[in-house]
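Only one structure is covered here, and it is reproduced in the block below.
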Amino acid sequence: MQRNLLLAVGLSILVYTGWFAWLEPKLQPSAPGNPIRPSGLVPGTAGNGSVPSAPGNPIRPSGLVPGTGTLGSSGTPAGTRSSAEGAAGTSDKKPIVVHSDGSRYQFRPEGASLTGFSFKGPLGPVELVPHPLPGFFSTWPELSFESKVQGKKISFFASHPSGIRIKKDFSLSPELLLHQIQLQLENPTSSPLPVPSWSMKLGPGLGTVAAEQKENPSLWQCVMLPAPKGSKSPSLRKLSEADTAEPWTWAGLDNRYFLAALLAPPEIFSNVRSQKEKLSSYTAPSLEFIGTSGLLQPKEKRVISMSFYLGPKDYHQLTLLGQGLEKSVDFGMFGSLGKGSLWILHVFHRWTGNYGAAIILLTFLVQILISPLTYKSIKASTALKKLQPQIQAIQKKFKDDPKRMNLEMMQLYKTGGANPLGGCLPLLLQMPIFFALFKTLRNSWELHGASFIFWVKDLSAPDPYYVLPILMGGIMFFQQKQNPTSTDPAQANVMMWMPVLFTFMFLNFPSGLVLYWLTSSSLSFFQQIFIQRKLV
């Protein structure tokens, strides 16, 4: 690469990282929406519909022990999440703690809400409910529900002051992390009763892995996937602090690696409201789903069913769920290239069993694909380097006549077969590939907890000893020495500091991304030496 090429790389990456770090979060459009029924949900009715039940089957079962229960075969006894959280409650009922497949779920009787979910991640448990009050999916938080646990089903029961009896079931599916909520409203009287106003809360905030805790408040956001219109596939939208009004498929909160989303039939919620809540040390987003009201006839029961996802943004697993949740994974402006890169990365991982080795193989593949452009770039750089003495002579001779100097330079480039932009243009054609890999490696859940060698235990986290970025900076320094030196002092200074700038910029990047750029720079460096020797 010659100086124009290296400068273009630097400026392009700076613009790109600046865009995604500061501008893109502020410029994403917001759009309103009403829910639409996703496929595969547990069937339920709302509005004027009713679901019959067996005679004499009461809403509130007798003999319930409030605040206890277990899940799965482990027989783990219930407990509390923390003493501070227990003290924050408004009743003496203990939280309900259940365990399954290494993960931990905690429910709170007030509002029948999920106040804790410790996900079993590759590097250890990750708490996804950062603020336990009022809890995720809370309804009627002023009510203190009775509870019962049966296998993977947690049931809550309460009587509303209006006379309506409420039953709320959480049916957990730890393997898929796509769970079910069923809300049953019953009018036990002989007179019509209005459904009391209700809503369901999601947030505030969403937890993440330890390596992302500091950055997390700047990443989490309220998002929704609009309902499809015709044959066009909808794109994910960020919700601002405003009520939505158009149909949506799902809505929720996400950050870099995790997603909490609610999927519901359209008749359940009349609106969804995005808002920000001021907590102790930060402002966190939350969603409030406004439930539909209506009238319950005497002895009528109404069943409302919905699904929710709470877990990692694993693109492959989310795609298998078939609800469009995979659109929460951010592949950037070159999404098709990013998805293709991720697929190839999975193939190489199956071959090697190591994501670091898979990244290296992916880099080799990219270098092979762009080798014609690399050859043209190095050829242009070599030709320009040969003309450096003549270029300097022309600049010295016509320093007081810029117009004449430019004419002489253009004639020299023509006779010498050199193109000053020859090293830059091929790089610009490679930029989409770099941008796609940048976003893919930056946001891939697959790299979380994936070790490479020795000190690199997590490819999604920065190199703890900065070995990879320092090696990368060293390769760039030697690579720059192979390029023609600029006669412009200002440009020469910029090029001299470019490896240092890149090194510091990559210090806090995920080591998987640094590994890609280090491998790419090393391959380009050796290609440059080989081709230059052939051309000299």
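Scan segment 126-146 residue by residue and report those that are farther than 21 Å from Ala284 by Cβ and either touching a residue at least 40 places away in the same chain (Cβ under 8 Å) or of a type outside the set (A, V, I, L, M, F, W, C) (or both).
First, pick out the residues of segment 126-146 that are farther than 21 Å from Ala284 by Cβ: 140, 142-146.
If the condition is that a residue be farther than 21 Å from Ala284 by Cβ and either touching a residue at least 40 places away in the same chain (Cβ under 8 Å) or of a type outside the set (A, V, I, L, M, F, W, C) (or both), then Trp140, Glu142, Ser144, Glu146 are the ones that fit.
For the condition within 20 Å of the chain's Cα centre (by Cα), in the same structural domain as Ser191 (by TED's automatic domain parsing) and either at pLDDT 90 or above or among the β-branched types (Val, Ile, Thr) (or both), what is the one hit in Gly291, Gly340, Gly311? Give the derivation first.
Numbers: Gly291 fails: within 20 Å of the chain's Cα centre (by Cα); Gly340 fails: in the same structural domain as Ser191 (by TED's automatic domain parsing).
Step by step, each of Gly291, Gly340, Gly311 is checked, and only Gly311 is within 20 Å of the chain's Cα centre (by Cα), in the same structural domain as Ser191 (by TED's automatic domain parsing) and either at pLDDT 90 or above or among the β-branched types (Val, Ile, Thr) (or both).
If the requirement is being of a type in the set (Ser, Thr, Tyr) and surrounded by fewer than 18 Cβ atoms within 10 Å (Cβ to Cβ), which of these qualifies: Thr292, Thr382, Thr363? Walk me through it before giving the result.
Details: Thr382 fails: surrounded by fewer than 18 Cβ atoms within 10 Å (Cβ to Cβ); Thr363 fails: surrounded by fewer than 18 Cβ atoms within 10 Å (Cβ to Cβ).
Every option except Thr292 fails the conditions.
Only one of these is assigned by TED's automatic domain parsing to the domain that holds Pro285 and buried (at least 16 other Cβ atoms within 10 Å of the Cβ): Pro125, Pro134. Name it.
Numbers: Pro125 fails: buried (at least 16 other Cβ atoms within 10 Å of the Cβ).
Among Pro125, Pro134, only Pro134 is assigned by TED's automatic domain parsing to the domain that holds Pro285 and buried (at least 16 other Cβ atoms within 10 Å of the Cβ).
Exactly one of (1) in contact with a Pro (Cβ under 9 Å, 6 or more places away or on another chain); (2) surrounded by 19 or more Cβ atoms within 10 Å (Cβ to Cβ) is unmet by Tyr355. Its number?
Here Tyr355 meets the rest and fails (1).
A quick yes/no check of all residues on (1) part of a strand (DSSP E or B); (2) under 18 Å from Lys301 (Cβ atoms); (3) modelled with pLDDT of 95 or more:
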position	(1), (2), (3)
Phe119	yes, no, no
His131	no, no, no
Glu142	no, no, no
Ile166	yes, yes, yes
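Is segment 309-316 home to any residue that is in a helix (DSSP H, G or I) and not small (Gly, Ala, Ser)?
Initially, segment 309-316 is screened for residues in a helix (DSSP H, G or I), giving 315-316.
Subset that is not small (Gly, Ala, Ser): 315-316.
Yes: one or more hits.
How many of the residues making up segment 147-169 are under 19 Å from Ile290 (Cα atoms) and either among the hydrophobic types (A, V, I, L, M, F, W, C) or touching a residue at least 60 places away in the same chain (Cβ under 8 Å) (or both)?
Result for segment 147-169: 3.
Identify, by number, the condition in (1) surrounded by 21 or more Cβ atoms within 10 Å (Cβ to Cβ); (2) among the hydrophobic types (A, V, I, L, M, F, W, C); (3) over 22 Å from Pro312 (Cα atoms) that Met224 doesn't meet.
The number of the failed condition is (3).
When segment 396-409 is examined, which residues are found to be out of contact with any helix residue (DSSP H, G or I) (no Cβ under 8 Å at 6 or more places or on another chain) and exposed (fewer than 11 other Cβ atoms within 10 Å of the Cβ)?
Of everything in segment 396-409, those that are out of contact with any helix residue (DSSP H, G or I) (no Cβ under 8 Å at 6 or more places or on another chain) and exposed (fewer than 11 other Cβ atoms within 10 Å of the Cβ) turn out to be Lys396, Asp400, Pro402, Lys403.
In segment 243-289, how many residues are aliphatic (A, V, I, L, M), in contact with a His (Cβ under 8 Å, 6 or more places away or on another chain) and crowded, with 22+ Cβ neighbours inside 10 Å? Outline the logic, then answer.
Filtering segment 243-289 down to residues aliphatic (A, V, I, L, M) leaves 245, 251, 253, 259-264, 268, 272, 279, 284, 287.
Right, trim to in contact with a His (Cβ under 8 Å, 6 or more places away or on another chain) and you get 279, 284.
If we keep only those that are crowded, with 22+ Cβ neighbours inside 10 Å too, we end up with none.
Going through segment 243-289 one residue at a time, the tally reaches 0.
For segment 211-233, what are the residues that are within 22 Å of Leu310 (Cβ to Cβ) and out of contact with any Asp or Glu (no Cβ under 8 Å at 6 or more places or on another chain)?
Glu212, Gln213, Glu215, Asn216, Pro217, Ser218, Cys222, Met224, Leu225 - these are the residues of segment 211-233 that are within 22 Å of Leu310 (Cβ to Cβ) and out of contact with any Asp or Glu (no Cβ under 8 Å at 6 or more places or on another chain).
Just to be sure, is Ser305 in contact with a strand residue (DSSP E or B) (Cβ under 7 Å, 6 or more places away or on another chain), outside any loop (DSSP other than H, G, I, E, B) and crowded, with 18+ Cβ neighbours inside 10 Å?
On the way: in contact with a strand residue (DSSP E or B) (Cβ under 7 Å, 6 or more places away or on another chain): yes; outside any loop (DSSP other than H, G, I, E, B): yes; crowded, with 18+ Cβ neighbours inside 10 Å: yes.
In short, yes.
Can you tell me which of Leu287, Leu259, Leu253 is part of a strand (DSSP E or B), under 28 Å from Leu441 (Cα atoms) and out of contact with any helix residue (DSSP H, G or I) (no Cβ under 9 Å at 6 or more places or on another chain)? Outline the logic, then answer.
Values: Leu287 fails: under 28 Å from Leu441 (Cα atoms); Leu259 fails: out of contact with any helix residue (DSSP H, G or I) (no Cβ under 9 Å at 6 or more places or on another chain).
Matching residue, one of Leu287, Leu259, Leu253: Leu253.
In segment 157-204, how many residues are of a type in the set (Gly, Ala, Ser), surrounded by fewer than 20 Cβ atoms within 10 Å (Cβ to Cβ) and over 25 Å from Gln323 (Cβ atoms)? Walk me through it before giving the result.
Initially, segment 157-204 is screened for residues of a type in the set (Gly, Ala, Ser), giving 158-159, 162-163, 171, 173, 190-191, 197, 199, 203.
Next cut, surrounded by fewer than 20 Cβ atoms within 10 Å (Cβ to Cβ) only: 159, 162-163, 171, 173, 190-191, 197, 199.
Applying the additional criterion that residues be over 25 Å from Gln323 (Cβ atoms) yields 159, 162-163, 190-191, 197.
Looking only at that region, the number is 6.
Among the residues of segment 88-95, is there at least one that is part of a loop (DSSP other than H, G, I, E, B), more than 30 Å from Asn187 (Cα to Cα) and modelled with pLDDT under 85? So that I can check it myself, show each step before the final result.
Filtering segment 88-95 down to residues part of a loop (DSSP other than H, G, I, E, B) leaves 89-95.
Within this subset, residues satisfying the condition of being more than 30 Å from Asn187 (Cα to Cα) are none.
No, segment 88-95 has no match at all.
Can you pull out the residues in segment 488-511 that are modelled with pLDDT of 65 or more, in a helix (DSSP H, G or I) and not hydrophobic (A, V, I, L, M, F, W, C)?
Asn493, Pro499, Thr503, Ser511
The values are calculated or read from the model by the stated rules, or taken from the named source; none is laboratory data. In this text the structure is predicted, and so the values were computed from the model without any measurement. A quick note on method: Cβ atoms are made from the backbone with ideal geometry, for glycine too, and the neighbour counts reach across all protein chains shown.
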